[in-house]
Amino acid sequence: MMLKQNIDWSQVRWEDIWPATKDTLTMIGASLLFTVILGLLIGIILFLTSRKQLLEQPVVYGLLSFVVNILRSVPFVILMILIMPMTKLLTGTTLGVQGTIPPLVVAAAPFFARLVETSLREVDKGVIEAAQAMGASRWDIVRRVLLLEARPGLLAGITITAVTLVSYTAMAGVIGGGGLGDLALRYGYQRFQLSVMIVTVAMLIILVQLLQMAGDHLVRRFSRK
Amino acid sequence: MEAVKNISLTINKGEIFGIIGHSGAGKSTLLRCVNLLERPTSGTVKVGEVELTRLSSTQLQKERRRIGMIFQHFNLLSMATVRDNIAFPLELAKLPRTAVKQRVDELLKLVGLEQHADKYPAQLSGGQKQRVGIARALANNPDVLLCDEATSALDPQTTNAILSLLMDINQKLGITILLITHEMHVIRAICDRVAVIDGGEIVEMGDVLDVFLKPQHSITKDFVSQIADSFDPRELIDTRSGRLIKINYVGEITYEPLLFNAVKSTSVQFTILQGTVSRMKNTPYGQLVIEFIGDDGEIDRVLDELRAKGLEVGDLK
C-alpha cells in the first residue's frame, strides 16, 4: 500500500523511454560489433603467442596480456573518464550515443579477448596437429580450424559480453552517455521519480533476458558434441 | 632430452612398415619426424626424392600433402560433417568446388561411408571415425600414409576391419604405409617389415616373419609373446619320455600332411604338445612342439625327411 502511494506511474513518459531504449540498443549493437572484431583479433594473438602454440612469442604475449589486464582492472566509470580525450578524437564528442561507444569498446574488448583466448585453448590440439599434417598454413589453421572448432565457445563469449555491455551502457549514463541508464539517473535518481527508475530497470532486465536467450539458442544450434 | 637417437631407417616404396615399441619408447616422435611435425635436431628426412628437412615452411606445407596421416584419436573437426572433414585437405590444396565434391564422393565410397556423409563425428562409432580419418588422409592421393596408433582406440573387431581396409588401400593404390603400434597383432596382420624400438633406438629390424619367428632382442620377445602361447613347452622336457622336437615352417607347405607322410612308413608315433598354425599377413606359418616316440635312428630319419621338405627342425632345449 505504501508503495502504491509513493509511485506515481503518470511520471513515466513512454515518448522518452522508447528513444532511450533505442539509444541503448544502438550503443550495445555498435559497441558489440567493434568489441567482437577487436577482441577476436587480440584473443587470437594472445592464444597464438602463448606457450607451446603456433607463434609462441613470450614477449608479445607478456606485453599484450599486461595491457589487457590493466584495461580490465580499471573500473568502467573511471575508464570512461580517462579515455575521454581519445573518445573526443574518434567521435568528436564525449556525450550521447556516439561518445559512449569508444569507452564501451575499450572496456569490453579486453574482456572478450580473454574469453576468446580461453575458447581457443579448448580446441583439441590433435585437430590442429592433423591440420598441420595436411599442409595447412597458420592462417588456414586460424580460419578453418580454430574459429570453426571454437564456435560454440565464441558465441557463448559474445553473449556474456553483450550482457556485460548492457550494464556498462547503463553506467555510461553517469557521465552523459544517453540511453536507459541516463534516463534512470536523471529522472529516477535526480528527480526522485521512482516509477521511471523501475521502468528503465525492467527494460534492462528484458534486454538481458532476450540477449541471453538468443545467445543460448545460437550456442545450442552450433553445438555438435 | 632425446626422444629418439641414431635412427637410420629406409622404408621401401609400396611396403607396409611397422614400428613397434612400448609407450614412451619414442615411436610416436619417430613417426612425427617423417612429416616434420617434430623437427629432428640433427639428421635428414627424405620422402621420395625430396629432402623435407631442407624445405622452407611453405614448401613443406605443399610436400605434406603427399603424406597422409591418421591418428589414434582420429582428430576430426568436430564442427564439420563427414563430407566437410574429407573435403578439408582438398580445400587446403585449393581444388575447385566441383572437383572437391567428386573426389569426396569417391573417397566416401572407398571407405564405405556414403550413408553417413552429412553426419557429424560425434554421431559416428570409433571405426567410422577412423574411416573418415583414412578418407581424409587419402584425399590428395598421397604416396605415403602415416598411422599413429590408428587402431589402439578401437575394439578388436573394428581393429581388424580397419587393418584390412589399410591393407586394401596399400594393395589397390600402392601407397607406402608406415605405422606405429604397441600391438604385435597389428604387425602380424598387415606389415611386411618391422622395426622394434626401445629407449629411442631401433633394437631389431627385419621381415616380420623373421623377427616374429626368431626374435633376438628381449623386447622383441616380449612383443612376440603378446600373441604367442604363454605356456613354455620346455617345462615338459623332464616329464616326457620321448624326444621333444621344435618345428617351424612357413609358406604353402603349412597346409600339407607332411608329418603324417614322414611317419607313416615307420613305427614312430608323435604327439603335438604345443602349436600354432596361423598367417602372417598373407603368409601361412606354423610353430609346433612335438614329442616323437620310437627308435632314435628312425626318428632321425623322420626328421631328415622333414628337413628335406623345407621345415626347420631342431631338438627343444
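Each value in this text was obtained by applying a stated rule to the coordinates, not by laboratory testing. The shown structure was predicted, so the numbers you read here are calculated from the model rather than taken from an experiment. Because the Cβ atoms are built from the backbone with ideal geometry, glycine has one as well, and the counts that use them run over all protein chains shown.
Structure summary
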| read-out | value |
| --- | --- |
| Inter-chain shielding of A:139-148 (mean C-beta neighbours from other protein chains, 10 Å cut-off) | 2 |
| For the range B:233-315, the Rg and Dmax computed from alpha carbons only, in angstrom | 12.6, 39 |
| Spatial separation of Cα centroids for the range A:153-225 and the range B:79-151, in angstrom | 45 |
| 0 to 90° range, to nearest 10: angle between helix B:97-110 axis and chain B longest Cα axis | 20 |
| Summed side-chain charge close to B:Ile175 - residues other than B:Ile175 whose Cβ falls under 12 Å, Lys, Arg +1, Asp, Glu -1 | 0 |
| Shielding by partners, peptide B:78-85 (average Cβ within 10 angstrom, other chains) | 4 |
| Three-way shape call for the range B:16-226 based on the alpha-carbon gyration tensor, with the a/c threshold at 1.5 | oblate |
| Order of B:Ile237, A:Ile128 under a 10 Å beta carbon neighbour criterion, fewest first | B:Ile237, A:Ile128 |
| Set of lysines near B:Lys101 by C-alpha distance (under 26 Å), chain-local residues within fewer than 8 positions excluded | A:Lys225, B:Lys62, B:Lys109, B:Lys119, B:Lys129, B:Lys172 |
| Mean residue ellipticity (222 nm) of the protein assembly as shown, computed from DSSP H runs ≥ 4 via -39,500 (n - 2.57), nearest 500 | -16000 deg cm²/dmol |
| Distance (nanometres) between label positions extended 7 Å along Cα→Cβ at B:Ser164 and B:Leu213 | 2.6 |
| Overall dimensions of the protein assembly as shown by Cα: Rg and Dmax, Å | 35.0, 124 |
| Pairwise centroid distance, computed over Cα atoms, of the range B:1-66 with the range B:167-182, Å | 16 |
| B:Ala99/A:Val60 FRET efficiency (R0 41 Å; Cβ-Cβ; nearest 0.05) | 0.55 |
| Relative contact order for the range B:233-315, counting Cα pairs under 8 Å that sit 6 or more residues apart, in percent | 42 |
| Chymotrypsin sites (Phe, Trp or Tyr not before Pro) within the range B:238-303: DSSP coil, no more than 10 neighbouring Cβ in 10 Å | none |
| Local net charge near B:Arg188, Cβ-Cβ under 11 Å (Lys/Arg +1, Asp/Glu -1) | +1 |
| Shielding by other protein chains, B:111-123, mean Cβ within 10 Å | 1 |
| 19 Å Cα-Cα reach of A:Lys22 towards aspartates and glutamates, excluding residues that sit fewer than 8 places from it in its own chain | A:Asp182 |
| Exposure proxy order (Cβ contacts within 10 Å, fewest to most) of B:Lys109, B:Lys309 | B:Lys109, B:Lys309 |
| Residue order, fewest to most beta carbons within 10 Å, for B:Thr41, A:Thr159, A:Thr200 | B:Thr41, A:Thr159, A:Thr200 |
| Lysines with Cα under 21 Å of A:Lys52, excluding same-chain neighbours fewer than 8 positions away | A:Lys125 |
